[in-house]
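Trainee: Supplied in structure tokens, the structure appears directly below.
The values are calculated or read from the model by the stated rules, or taken from the named source; none is laboratory data. Because the structure is a prediction, the values reported are computed rather than measured. Here the Cβ is made from the backbone with ideal geometry for all residues, glycine too, and neighbour counts use every protein chain on show. Remember, those area values only see protein heavy atoms, side chains included, never the ligands or the DNA or RNA. Shrake-Rupley method; radii C 1.70, N 1.55, O 1.52, S 1.80 Å.
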Amino acid sequence: MYRQKRFLLDEAELPRQWYNIQAEMPNKPLPPLHPGTKKPLRAEDLFPIFAEECARQELNQTDAFIDIPETVREKYCSYRSTPLVRAYELENALGTPAHIYFKNESVNPLGSHKVNSALAQCYYLKEEGMTNVTTETGAGQWGAALAYAARVFGLEAAVYQVKISMQQKPYRSMIMRTFGATVEGSPSMSTRAGKDLITKNPAYTGSLGSAISEAIELATTTPGCKYSLGSVLSHVTLHQTIIGLEAEKQMAMAGEYPDMVIACFGGGSNFGGIAFPFMRHNFTGEHTTEFIAAEPASCPKLTRGEFRYDFGDESGYTPLLPMYTLGHNFHPANIHAGGLRYHGAGVIVSQLLKDGLMRGMDIPQLEAFDAAMIFARTEGIIPAPESSHAIAATVREALRCKETGEEKVILFNLSGHGLIDMTAYDSYLSGDLQNYNVADEEIARYLQDVPTMP
Ligand SMILES: *Cc1c(COP(=O)(O)O)cnc(C)c1O
């Protein structure tokens, strides 16, 4: 008997609006605070740095749906809808009665969900008269997505990539340069922040904190240039809700509704993207779906962090955000899931977690790769190390269903493919990969650096 496996939407069915969960949350997120005055941030405070429309979206707590500009929707049409896939082979291999679905966000030229927000942000910058955009990137997924989106809208992109990542993972900087972006290893000699760091320590190989400082400096000192972020902030997650809004329609085509929605968690954009459009039906009491954010055990802000006002970056330049954090100076182990090595969670997710509307699950590195192997060998797709955390959480839940005999419907987000991360697979296959444990004392020590609020 033929069993339908893939579900796709026609162009006409692609969503025309993003979903802004802030308007419907039972408790709204606390306001971000200006780092100098400690007063609640206004959208205008963000105008010098971000696209004005993104700044307004960031603080919008009234409109549940926000129009996707027609031009952005057209660009989405070149690779969306992304497939919703029923993972029959994975189910069989696990011997679970659960129905497992995944939304495949790896199916675009850049290979991850990040392009969904990069296109929106570059569109607004162009509309607002900007000529240049700058950002930081670690492993390079965000830099690659932004370089491509900048090309699409005719902006010049300058990307600061953490120097050590650029050396260890050279392919993504080649991708960025292929799209025409300028890529600098951070710290670089092109900014004051970079020069200061190099003068202090010529051997310093950089961090996301140093790269953020350089990109913000470039944006604030260059006319026509603004800065752009690929995760954590609420407007980024807003753009990613295209994932869940499509998935909702595709699940209906499959004749099912998820009992569980799972995604990996770095700053929260792909998690919020797939989860929020389903979560709204929990708010109305229509459904009781469970939401699980899978984070690395070596960077456990959701399961072991504290809810505090903290900085988004190491240098303390950003607004103070009310979030679950391990402390802005926390240095996670050098795991292969580079996109999940961030110390804090976005403000929306933090409030939802505090209110018990979702939960975090921490996954050790080896378990993530074990799950990636099962997935690759059954579904034929090599997942990104980040996405493998979502797969591992799915495997855990599917095996629980096997014990209890429950036929739960599980939906997870495949945030990207791992074809540019094959060195990570090489380490795993050679038996060189290890788990990293974080001691309670270590977390407590970094939390001491978090500013205390009156
Ligand atoms: C960046 C990235 C992530 C983590 O970022 P979120 O904002 O938490 O989604 C996850 N998966 C992939 C493939 C990424 O590139």
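Trainee: Please compare each pair in K5/K249; K354/K408; K103/K249; K169/K200; K5/K103; K163/K195 to a cut-off of 21 Å on the Cα-Cα distance and tell me which ones are over it.
Mentor: Too far apart for the 21 Å limit: K354/K408; K169/K200.
Trainee: Please list, ordered by chain and number, the residues whose modelled amide H lies under 5 Å from the amide H of T137; skip anything fewer than 5 residues away on the same chain.
Mentor: Under 5 Å from the amide H of T137 lie the amide H atoms of Y160, Q161, V162, each far enough along the sequence or on another chain.
Trainee: Under a crude label model (7 Å from the Cα following the beta-carbon direction), how far is M422 from T220 in nanometres?
Mentor: So the two model labels end up 4.3 nm from each other.
Trainee: Related question: Accessible area, 1.4 Å probe, largest first: how do M373, M174, M166, M260 sort?
Mentor: M174, M166, M373, M260
Trainee: With every protein chain in place, what's the accessible area of L320 (1.4 Å probe, Å², nearest 10)?
Mentor: Number for this one is 0 Å².
Trainee: Let me ask you something else. Using a 1.4 angstrom probe on the protein heavy atoms only, line up H113, H336 by accessible area, largest first.
Mentor: Accessible-area ranking of H113, H336, largest first: H336, H113.
Trainee: Counting only other residues whose beta carbon sits under 11 Å from that of H99, what net charge do I get with K and R as +1, D and E as -1?
Mentor: Net of charged neighbours comes to -3.
Trainee: Here is a further query. Among rounded, prolate and oblate, which fits the chain when a ≥ b ≥ c are the square roots of the eigenvalues of its C-alpha gyration tensor, a/c under 1.5 means rounded, and a/b larger than b/c means prolate?
Mentor: rounded
Trainee: Then there's this: Where Lys and Arg each count +1 and Asp and Glu each count -1, what net charge lies around A193 among other residues with Cβ under 14 Å from its Cβ?
Mentor: My count for the surroundings of A193 gives -3.
Trainee: How far apart, in nanometres, would the label points at F283 and K402 be if each is projected 7 angstrom from Cα along the Cα-to-Cβ direction?
Mentor: Taking the simple label geometry, F283 and K402 are separated by 3.8 nm.
Trainee: Right, another one. Counting Lys and Arg as +1 and Asp and Glu as -1, what is the net charge of the other residues whose Cβ lies under 12 Å from the Cβ of A118?
Mentor: Here the charged neighbours net out to +3.
Trainee: Between A333 and T71, what is the label-point separation in nm under the 7 Å Cα-to-beta-carbon projection?
Mentor: 4.6
Trainee: Quick check on the range 185-340: take the gyration tensor over C-alpha atoms, sort the square-rooted eigenvalues as a ≥ b ≥ c, and tell me if it's rounded (a/c under 1.5), prolate or oblate.
Mentor: Cα axes put the range 185-340 in the prolate bin.
Trainee: Going from most exposed to least, what order do R73, R151, R280 have by accessible area with a 1.4 Å probe?
Mentor: Reading off the accessible areas and sorting them downward yields R151, R280, R73.
Trainee: Restricting to Cα pairs below 8 Å that are 6+ residues apart, what does the relative contact order work out to for the chain? Please round to a whole percent.
Mentor: Relative contact order of the chain: 19 percent.
Trainee: If I take every Cα pair under 8 Å that is 6 or more residues apart in the range 111-188, average their sequence separation and divide by the length, what percent do I get for the relative contact order?
Mentor: Rounded, it is 30 percent for the range 111-188.
Trainee: Next up: To test your reading of the geometry: what angle, between 0 and 90 degrees and rounded to tens, separates the Cα axis of helix 385-404 from the longest principal axis of the chain?
Mentor: 30
Trainee: Can I ask one more? Only helical DSSP H runs with n ≥ 4 go in: add -39500 (n - 2.57) per run for the chain, normalise by residue count and round the 222 nm mean residue ellipticity to 500 deg cm²/dmol.
Mentor: That comes out to -12000 deg cm²/dmol.
Trainee: Scan around Y309 for amide H atoms under 5 Å from its own, H built in the peptide plane at 1.01 Å from N, and keep only partners 5 or more places away or cross-chain.
Mentor: M323
Trainee: Among rounded, prolate and oblate, which fits the range 115-229 when a ≥ b ≥ c are the square roots of the eigenvalues of its C-alpha gyration tensor, a/c under 1.5 means rounded, and a/b larger than b/c means prolate?
Mentor: It is oblate, given that a/c is not under 1.5 and a/b is not larger than b/c.
Trainee: While we're here: About the Cα centre of the chain, how large is the charge dipole given +1 on each Lys and Arg Cβ and -1 on each Asp and Glu Cβ? Please answer in debye to the nearest 20.
Mentor: 480
Trainee: I'd like the orientation of helix 115-127 relative to the chain: the angle between its Cα long axis and the longest Cα principal axis, in ° from 0 to 90, rounded to 10.
Mentor: Roughly 40 degrees between the two axes.
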